[in-house]
1. How would you classify region 148-187 from its alpha-carbon gyration tensor, with a ≥ b ≥ c the square roots of the eigenvalues: rounded for a/c under 1.5, else prolate if a/b is greater than b/c, otherwise oblate?
2. Would you mind ranking 52, 29 so that the residue whose beta carbon has the fewest other beta carbons within 10 Å leads the list?
3. Which of 79, 74 comes first, and how do the rest follow, when ranked by fewest Cβ neighbours within 10 Å?
4. Just how far, in whole angstrom, is region 15-73 from region 112-182 if you go by their alpha carbon centroids?
5. Given the alpha-carbon gyration tensor of region 7-183, what are the semi-axes of its equivalent ellipsoid in whole angstrom, ordered largest first, with each equal to the square root of 5 times an eigenvalue?
6. With 10 angstrom as the radius, rank 57, 33 by how many other C-beta atoms surround their C-beta, starting from the fewest.
7. Remind me, relative contact order of region 7-183 in percent, using alpha carbon pairs under 8 angstrom and six or more residues apart?
């Protein structure tokens, strides 16, 4: 017998699908150039249907960014606990956190140069703090006395590298060097990745 799906579950799934479409549109056109009509079209909704779910573009943007960050943090937490060597896990975590915002996804394409960061609310503080906590916890086993300092230094290095590279590949190469310097090189270079 087929399993029944409640209307609440259907509503949540629909809302999540709209948020996924919205983040893609915001990334493609930038915040300022994206209209609610653009998002409605991408999500397969009428404009009125979109406004039924989200009463304004700022609310839609904030929720789309929050959903994307939450999804990244869940994946990062899983990656950091998957049993591979620490350096491999850290590289994967940093590539997920910052690597996707290298190259074509810049301030210019996101339209954030004239964007008010306050629009995103507390997620601007909470998401990076959660990322730092995940990185610190991962480093703690090998460096229990100074894991927080090493994590903060790696995050600072990542920010610098992110703004100085033009591709994900260059970002990955540079952050891998930083990981080796700050946490120590992988013991077995041929470790499965």
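Throughout, read-outs are computed from the coordinates displayed, never taken from laboratory work. Since this is a predicted model, take the numbers as computed values, not measurements. Here Cβ is always computed from backbone atoms with ideal geometry, including for glycine, and neighbour counts include all displayed protein chains.
1. Details: a/c = 3.58, a/b = 1.36, b/c = 2.64.
Oblate shape, in that a/c is at least 1.5 and b/c is the bigger or equal ratio.
2. Working: 52 10, 29 16.
Least to most surrounded, the residues fall as 52, 29.
3. Values: 79 20, 74 10.
Going from sparsest to densest Cβ surroundings: 74, 79.
4. So the separation of the two Cα centres works out to 26 Å.
5. Working: eigenvalues 221, 66, 36 Å².
Working through the eigenvalues yields semi-axes of 33, 18, 13 Å.
6. Numbers: 57 19, 33 12.
Ranked by crowding around the Cβ, least crowded first: 33, 57.
7. On the way: 168 pairs, mean separation 43.2, N = 177.
Rounded, it is 24 percent for region 7-183.
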